[in-house]
Amino acid sequence: MAQSSRGSADAVTVRPAVPADEPAVVGCVNAAYQMYVEVMGKRPAPMLGDYGSLIARGVVSVATQTRTDRVIGLIVMWPKQDHLYVDNIAVHPSVQGSGVGAGLLAHADSEAARCERDEIRLYTNVAMRGNIDYYPRRGFVETNRAVDEGYERVYFSRKLGLPPGGTVDS
């Protein structure tokens, strides 16, 4: 099911990715993560993904500009036994800071609820300082740091139903 922001000239729709989206998805991922290649000394893990297979599995949703259907962001996620796992969120640099990432996280909330999961888990790379600062503002709590597959990862979790600050007053 597509979700759309309404009443804006730059309205964004989130919908399941289709095979024809693969080149745009790969392009968006590469644009979003290219800035980290030099700092990390290698391509970030999302740049190595097999997006054709992920799209075929039905685990990729794209954020598109409603008027043009141009892919400007994406989220890769699937349910695990006790949580919704977000493998990747990418937002094209030309629209970063415009709410596309927040919209994709809201889509993850909806998907978690649909799958009857009350927690979302994701990770980022330690070199991606902006993400490490961003996720706590979206209600995520850092749970672990570890090296996995040669990448220094920072793990986050968020329980559904918490406000954006991540706490509930008792």
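The values are calculated or read from the model by the stated rules, or taken from the named source; none is laboratory data. Note that the structure is predicted; figures quoted are calculated from it, not measured. Backbone-built Cβ (ideal geometry, glycine too); neighbour counts: all protein chains shown. To get the accessible areas, we keep the full protein, side chains included, count just its heavy atoms, and leave off ligands, DNA and RNA. Shrake-Rupley method; radii C 1.70, N 1.55, O 1.52, S 1.80 Å.
On the given criteria, is A146 in a helix (DSSP H, G or I) and not basic (K, R)? Against the criterion (in a helix (DSSP H, G or I) and not basic (K, R)), A146 does not qualify.
Yes or no, residue by residue, for (1) aliphatic (A, V, I, L, M); (2) closer than 17 Å to M128 by Cα; (3) out of contact with any Gly (no Cβ under 6 Å at 6 or more places or on another chain); (4) open to solvent by 40 Å² or more (accessible area, probe 1.4 Å):
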| position | (1), (2), (3), (4) |
| --- | --- |
| G41 | no, yes, yes, yes |
| D50 | no, no, yes, yes |
| G58 | no, no, yes, yes |
| V71 | yes, no, yes, no |
| W78 | no, no, yes, yes |
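When the residues of the stretch 117-159 are filtered to those that are aliphatic (A, V, I, L, M) and open to solvent by 20 Å² or more (accessible area, probe 1.4 Å), which remaining residue is farthest from Y85 (Cα to Cα)?
If we filter the stretch 117-159 for residues that are aliphatic (A, V, I, L, M), which is where we start, we get 120, 122, 126-128, 132, 141, 146-147, 154.
Now restrict to residues that are open to solvent by 20 Å² or more (accessible area, probe 1.4 Å): 126-127, 141, 146-147.
Numbers: V126: 19, A127: 21, V141: 15, A146: 17, V147: 18 Å.
Among residues in the stretch 117-159 that are aliphatic (A, V, I, L, M) and open to solvent by 20 Å² or more (accessible area, probe 1.4 Å), the one farthest from Y85 (Cα to Cα) is A127.
Does G103 satisfy being more than 29 Å from E22 (Cβ to Cβ), crowded, with 19+ Cβ neighbours inside 10 Å and small (G, A, S)? Before the answer, list the steps.
Working: more than 29 Å from E22 (Cβ to Cβ): no; crowded, with 19+ Cβ neighbours inside 10 Å: yes; small (G, A, S): yes.
Taking the combined requirement at face value, the residue does not satisfy it.
Is it fair to say D82 is touching a residue at least 40 places away in the same chain (Cβ under 8 Å) and either touching a Leu at 6+ places or on another chain (Cβ under 8 Å) or not in a strand (DSSP E or B) (or both)? No, not satisfied. Pick from the stretch 1-20 the residues that are among the charged types (D, E, K, R) and assigned to a loop (DSSP other than H, G, I, E, B): which of them is modelled with the highest pLDDT? Step by step, filter the stretch 1-20, then rank; the result is D10.
Looking at V25, V37 in this structure, which one is open to solvent by less than 70 Å² (accessible area, probe 1.4 Å), within 14 Å of the chain's Cα centre (by Cα) and among the aliphatic types (A, V, I, L, M)? Don't jump to the end; show me each part of the working.
Values: V37 fails: within 14 Å of the chain's Cα centre (by Cα).
One residue alone meets the criteria, V25.
Against the list (1) within 23 Å of A63 (Cβ to Cβ); (2) open to solvent by 30 Å² or more (accessible area, probe 1.4 Å); (3) assigned to a strand (DSSP E or B), the condition D109 fails is (3). Within the stretch 140-152, residues that are more than 26 Å from A106 (Cα to Cα) have Cβ atoms under 7 Å from residues that are open to solvent by less than 50 Å² (accessible area, probe 1.4 Å) and part of a strand (DSSP E or B) in these pairs: A146/R153; Y151/N125; E152/N125, counting only partners at least 6 apart in sequence or on another chain.
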